1. Can you confirm whether residue 15 is within 28 Å of residue 134 (Cα to Cα), crowded, with 17+ Cβ neighbours inside 10 Å and touching a residue at least 12 places away in the same chain (Cβ under 8 Å)?
2. Look at the range 140-153 and say how many of its residues are under 10 Å from residue 175 (Cβ atoms) and either without any contact (Cβ under 8 Å) to a residue 12 or more places away in the chain or surrounded by 10 or more Cβ atoms within 10 Å (Cβ to Cβ) (or both).
3. Quickly run through the range 67-83 and pick out the residues that are surrounded by fewer than 18 Cβ atoms within 10 Å (Cβ to Cβ) and outside any strand (DSSP E or B).
4. Exactly one of (1) surrounded by 14 or more Cβ atoms within 10 Å (Cβ to Cβ); (2) modelled with pLDDT of 90 or more; (3) closer than 24 Å to residue 35 by Cβ is unmet by residue 125. Its number?
5. Are any residues in the range 156-167 under 23 Å from residue 128 (Cβ atoms), outside any loop (DSSP other than H, G, I, E, B) and touching a residue at least 24 places away in the same chain (Cβ under 8 Å), and if so, which ones?
6. Let me confirm something: among 37, 61, which residue is assigned to a loop (DSSP other than H, G, I, E, B) and more than 19 Å from residue 24 (Cα to Cα)?
7. Which of the residues spanning the range 112-126 are closer than 20 Å to residue 68 by Cα and either in contact with a helix residue (DSSP H, G or I) (Cβ under 7 Å, 6 or more places away or on another chain) or outside any strand (DSSP E or B) (or both)?
8. Does residue 153 satisfy the condition of being under 15 Å from the mean Cα position of the chain (by Cα) and either outside the structural domain of residue 91 (by TED's automatic domain parsing) or not in a helix (DSSP H, G or I) (or both)?
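The values are calculated or read from the model by the stated rules, or taken from the named source; none is laboratory data. Every value quoted in this text rests on a predicted model; they were computed, and no experiment measured them. Here the Cβ is made from the backbone with ideal geometry for all residues, glycine too, and neighbour counts use every protein chain on show.
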């Protein structure tokens, strides 16, 4: 199968298109044929290994996961014998930030990981971005902030990728939402550009 491969840190030129072995799902995994992926904010950092702190997750001297890519949308081609949540032919979206591997034709992921059925009203290209920004917003609102119906919430950066999902999810949870766009200016600072 074709895959983008990263064997050392550096500029975009370190990325190479190569032929690699197609993975085989373990008992608790699904094999996904990837139809779309997205380059997210962390991808360039992981590729460069900069800031240095990212290397504690990605490998100190070289990338520990040779195929980059955090998010994907595709179709399940095969399932391991213990998989009960998904079946062959399911259209799915997934996040694979911890293992990477989204920039390839195929990937195996555990069925209990950040994997979900693709929204039917989205094509693969549209759905590929949902796992990163959408899951980020969901984690902030539901898990960190414990958002509940009737609460009032201010979403700073409501026009950004995570903020757009945060507004929609907060409304879904029944919150009263005020959204503001992030500004590079501080309170009291002139709004005139230099």
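1. So residue 15 fails the test.
2. Final tally of qualifying residues: 6.
3. Answer for the range 67-83, where residues must be surrounded by fewer than 18 Cβ atoms within 10 Å (Cβ to Cβ) and outside any strand (DSSP E or B): 80, 81, 82.
4. Condition not satisfied by residue 125: (1).
5. 161, 162, 163, 164, 165, 166
6. Selected residue: 61, the only one of 37, 61 that is assigned to a loop (DSSP other than H, G, I, E, B) and more than 19 Å from residue 24 (Cα to Cα).
7. Of everything in the range 112-126, those that are closer than 20 Å to residue 68 by Cα and either in contact with a helix residue (DSSP H, G or I) (Cβ under 7 Å, 6 or more places away or on another chain) or outside any strand (DSSP E or B) (or both) turn out to be 113, 114, 124, 125, 126.
8. In short, no.
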